[in-house]
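The values are calculated or read from the model by the stated rules, or taken from the named source; none is laboratory data. Keep in mind that this is a model prediction, so the values were computed, not measured. In this analysis, Cβ positions are derived from the backbone assuming ideal geometry, glycine residues included, and neighbour counts consider all displayed protein chains. These accessible areas exclude ligands, DNA and RNA; they are computed on the full protein's heavy atoms, side chains included. Shrake-Rupley method; radii C 1.70, N 1.55, O 1.52, S 1.80 Å.
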There are 2 protein chains.
Amino acid sequence: MANYEQLRLRNQLCFPLYVCSKEVVRKYKPLLDELDLTYTQYITMMAMWEHQQLSAKELGNILYLDSGTLTPVLKTLEKKGFVERQRSKDDERSLIISLTPEGSDLQDRAAHIPEAIGKCIDMDLEDLQTLHRLLHKFMDTSIK
Amino acid sequence: MANYEQLRLRNQLCFPLYVCSKEVVRKYKPLLDELDLTYTQYITMMAMWEHQQLSAKELGNILYLDSGTLTPVLKTLEKKGFVERQRSKDDERSLIISLTPEGSDLQDRAAHIPEAIGKCIDMDLEDLQTLHRLLHKFMDTSIK
DNA sequence: TTAAATTTAATTGTGTACAATTTATCTGAT
DNA sequence: ATCAGATAAATTGTACACAATTAAATTTAA
């Protein structure tokens, strides 16, 4: 009978990635609840705070999300008053997303979140920096 | 006007975790399609291959999934013939999940997957080992 | 120049994730 | 012995995530 050591859960890279990703989102939840944002809505707003205005296409490239995911997220964020959606005059296919004043104000209320998250992750800074670096390396070498 | 450097997407730990996790699942997809498994079904089968028999509760603890997620996954895996679901005689509340012979056979057909995934991740072994170690450290220090 | 190919969002359908609630069963203290 | 609390799974409702398709607008090439 084969042992299949390489098929054990703890020997995979995928499984801890999957678990850690969900766990981090879980940590954000109480902080994001105060802003009435889900995690996906939050990273969308982070992109908007950085760029003020983006096409849906550009937003998808930044967040690695397709229109099937983004369309409802953007409609929800518009309903909440944080962004506006309007077709480009130059190219009617393109949907331009713009940060509203209310969306911009939200950044102030989100400013404390990164530090609050940092405090509940009990790892030393060096390990966190290494982890950060390796995840970006993984993204750069593995995507597309 | 504030700069909010700490709110930039690329300075977060959560975002690369989220992107890498989804990206890895995407890499599994063509391999898992051949076995008619989704990623969640695959990690469930990995746990079953290791243990042959587990309660739904134990499975949830291993996979970090609750009954809301697991119940439909287990019903699907039963429909595909890879596991059996039956109430415990000792405790009718408990649902015992057992690997079927078909489920066991599936392990042979999955045996090549870890190596195939390894080949399409273009990072050196040392970085991958460090990443693996730090993700487990993160799980150990951050969950519960 | 106009028909074919491409591009962009939206839609549709399937499958998670997870919080909150419900239902059934079991345990323990009186 | 019984019932209050605990436990386990299922259910319900919301929100992604993504493949595949559709629809509309634009670009390209014969």
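Filtered by the rule that a residue be farther than 30 Å from A:Ile121 by Cα, of a type in the set (Gly, Ala, Ser) and part of a helix (DSSP H, G or I), segment B:94-144 gives B:Gly103, B:Ser104, B:Ala110, B:Ala116. Restricting attention to segment A:88-123 and to residues that are within 10 Å of chain B (Cβ to nearest Cβ) and charged (D, E, K, R), the residue that is nearest to A:Glu23 (Cα to Cα) turns out to be A:Asp122. The residues in segment A:43-56 that are surrounded by 14 or more Cβ atoms within 10 Å (Cβ to Cβ) and within 12 Å of DNA strand C (Cβ to nearest atom) can be counted, and the count is 3.
Yes or no, residue by residue, for (1) open to solvent by less than 50 Å² (accessible area, probe 1.4 Å); (2) within 13 Å of DNA strand C (Cβ to nearest atom); (3) touching a residue at least 40 places away in the same chain (Cβ under 8 Å):
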| residue | (1), (2), (3) |
| --- | --- |
| A:Glu58 | no, yes, no |
| A:Tyr64 | no, no, yes |
| A:Glu78 | no, yes, no |
| A:Ser88 | yes, yes, no |
| A:Gly118 | yes, no, no |
| A:Phe138 | yes, no, no |
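Just a yes or no: is a residue in segment A:28-38 of a type in the set (Val, Ile, Thr) and touching a Gly at 6+ places or on another chain (Cβ under 9 Å)? No: segment A:28-38 contains no residue that is of a type in the set (Val, Ile, Thr) and touching a Gly at 6+ places or on another chain (Cβ under 9 Å). Listed by position, the helices (runs of 4 or more DSSP H) contained in segment A:1-93 that have at least 1 residues being basic (Lys, Arg) are A:14-33, A:56-63, A:67-79. When we screen B:Gln129, B:Gln86 for residues that are in contact with a strand residue (DSSP E or B) (Cβ under 9 Å, 6 or more places away or on another chain) and not aliphatic (A, V, I, L, M), the only hit is B:Gln86.
Tallying residues that are open to solvent by 20 Å² or more (accessible area, probe 1.4 Å), within 13 Å of DNA strand D (Cβ to nearest atom) and within 12 Å of chain B (Cβ to nearest Cβ) within segment A:27-38 yields 1.
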